[in-house]
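Single-structure report; data block below.
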Amino acid sequence: MGIYLELYFGGLKKVSDDKGIDDLLANHLKTKEDEFLVDIEAAINEKDGQGKYIELIKISDIPDLKLKEYWKLDSAQNFANYYKDRLLNLKEFSINKHRWKFDEKKKLQLAQPLLPNEQFYERYEQVDREGEVKKVNYKFHYWYTYTFLRNRGYGRIQMASDDYELCHVKNKIVEIKKAYQIKDFAIDFALNAVDSWEKVDVMDMIYRGARMYFGPDNLSHLDFINPNFTEADKQSQNFYFKKTVWHITETGISTHNFNELDSYIWKDQIIDFEPKRLAKPMFEIKQITRKYLQEIDKLKAYENQIGNFELAWSKEAENTHFARFLWNTSDFYWTKHINHSGSKRTNITDTRTLDERMETTVQFISKICAIGYKLHSFFDPATAKAVVAMDGKLSEVGKSNGGSGKSIVGDAIGQVVPQTSIGAKNKKLTEDPFIFEEVSEKTNSVFLDDVRVNLDFEFLFPYITGKFLVNGKGQKKFTIPTALTPKIYISTNHALNGEGSSFARRQFLIPFSDFYNDKHTPHDDFNTNFFTEWDFEQRNLFFNFMAECVQTYLRFGLVEAPVERLELRRLRQNIGEDFIYWADEYFMFDLAAINSPIVGM
């Protein structure tokens, strides 16, 4: 942009007992806050960055390594020495992926030093006849290298494709690694382990041959690791976060540590967040029965609502952006109680009927259960379905309403479980032999976003029911094991063609209202972009809500919502607009002829 910025960081000088800028302004400089602004400007203009209260360091043009030095991150030795008083009390601690400790002499050393059978470099001397050292050489040992890597959790893992991947296992978490990542680990370890007096010679030897020593061919000799992965359970589901595991069942959500796991998980399953469980559930959902209505003496008023649901929101649920968004997408009668004349919407007198209000509740619970189904990794081929999100507003064939929130739900699922997202607007989508090349046994969800009109839904039948064929470029085709088959979520502005029980039983339809559209977006209601701009509170509410989606699904299964609108869309799409235009004109003309007076009567 042609703009040059001067960048600084700084901190308070030890001129008072104040620990930070907020303390300084609230105490020492209270009512004299402008002095601090003057001091900052003065420090900027001083060569050494020194002011009366603050010291600044200009970092506009310095390299990253120099910046690391300021924070003692340039080496494990510097970091450990700087924080020595705190680290001495720890048995072990990690710096730059390696474990360290201070010995009894308060000297820093690796907590897991190289054992004799791990010493992948060897120093040997050439001597002359008199026994004098003539030359010092270093030799690389492959066998010891494999032992060194194996002891630190590196190996190979067999994949569903019958090929293998390099991987690292730590605390029952399996992470796929590239050859260069393993190389970098070994080199970094050597840098820290080698004595300073021989560091240059050893590292020169390793750097010269690193591509060969740690290349894919040589790493193919690593041992196979055969972890027992967690098998999906029909009655429960786990959410894996950075430090804790949430175990979700129909009756509750409990928190556990990773060391309580009996089996292994993929690193991809871990959500980069550490949430807090709410003290009480966000929703109370009751299915309306005749007995329940008799108990509350409302049988006469609600008799035709038997089988529907009652829903009570907690304060936390009211504050959850995603929950309120999902409710709005379920409200097909919103114009009867919300003013929509401008971009900001306000409440008006509610003219909805009881049936209309109850339908909104069922539409909302249906979406909750659909999300819970998608997040539940247990796969049953006999009942498997694709969740299909469609616009509920009736419109002309080929006309795209869009913006109703269908893709946001797909993105939300990808925030919780490993998901492969595929842009599906391509006219020849089903003709692409590599459409699912990014899918693997680590994938829990496949998101086909914005499929076009007239998608060949029958093409997806085997993928939905557990015969998920993956064809990657330059790779051998393979089928994902049935128990690990990812579930499919489809968003579309159109109806999916097809009739009969085969089509019906393989899709679960969730209609979206036109509450959100090209003129009114979720950003207008919440003043933030979902997922990327949420603070801790919103992200925490979101994950609590998603856990309750799973819990609701485990309790009620997939709750069907009224889909008459979607059936009308499908019928209109099958009939075609040309016929509809002709029929409208023909029958309007015929009706006019019938109602016109007969001349002469």
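Exposure proxy for 99, 324: other Cβ atoms within 10 Å of each Cβ, ordered fewest to most, give 99, 324.
Per residue, the chain reaches -9500 deg cm²/dmol at 222 nm when only DSSP H runs of four or more residues are counted, each adding -39500 (n - 2.57).
Quick one: angle between helix 199-213 and the longest Cα principal axis of the chain, in degrees between 0 and 90, rounded to 10, please. It is inclined by approximately 40 degrees. Separation of region 265-329 and region 44-81, taken as the distance between their Cα centroids, equals 52 angstrom.
Comparing Cα centroids, region 409-444 and region 507-563 end up 20 angstrom apart.
R0 = 22 Å: FRET efficiency of residue 136 with residue 115, Cβ-based, nearest 0.05? Present the calculation step by step, with values, prior to reporting the outcome.
Working: r = 23 Å, r/R0 = 1.05.
Efficiency at R0 = 22 Å is approximately 0.40.
Between residue 503 and residue 264, the FRET efficiency from the beta-carbon distance, with R0 = 41 Å, is close to 0.60.
Within a straight-line Cα-Cα reach of under 12 Å, residue 276 can be paired with the following aspartates and glutamates, leaving aside sequence neighbours fewer than 8 residues apart in one chain: 537. Partner aspartates and glutamates whose Cα lies under 20 Å from the Cα of residue 473, excluding those fewer than 8 positions away in the same chain, are identified as 162, 163, 165, 431, 432, 437, 438, 441.
Taking region 116-219 as the region of interest, the number of lysine pairs whose Cα atoms are within less than 29 Å, with members eight or more places apart or on different chains, is 14. Modelled label positions at residue 19 and residue 170, each set 7 Å beyond Cα in the direction of Cβ, lie 3.0 nm from each other.
Here the extension length gained between residue 346 and residue 8 equals 117.1 nm, from 0.36 nm per residue of separation less the Cα-Cα distance.
Taking the average, over residues, of other Cβ atoms within 10 Å as the packing measure, peptides 436-442, 164-170 rank 436-442, 164-170 from highest down.
What does the charge count near residue 546 come to, summing +1 for each Lys or Arg and -1 for each Asp or Glu among other residues with Cβ under 11 Å from its Cβ? Don't skip to the answer; put the middle values down first.
Working: positive: 374, 539; negative: 548.
Cβ neighbours under 11 Å give a net charge of +1.
A short reminder: the numbers here are calculations on the coordinates, not readings from a lab. The structure displayed is predicted, hence computed values, not measured ones. In this analysis, Cβ positions are derived from the backbone assuming ideal geometry, glycine residues included, and neighbour counts consider all displayed protein chains.
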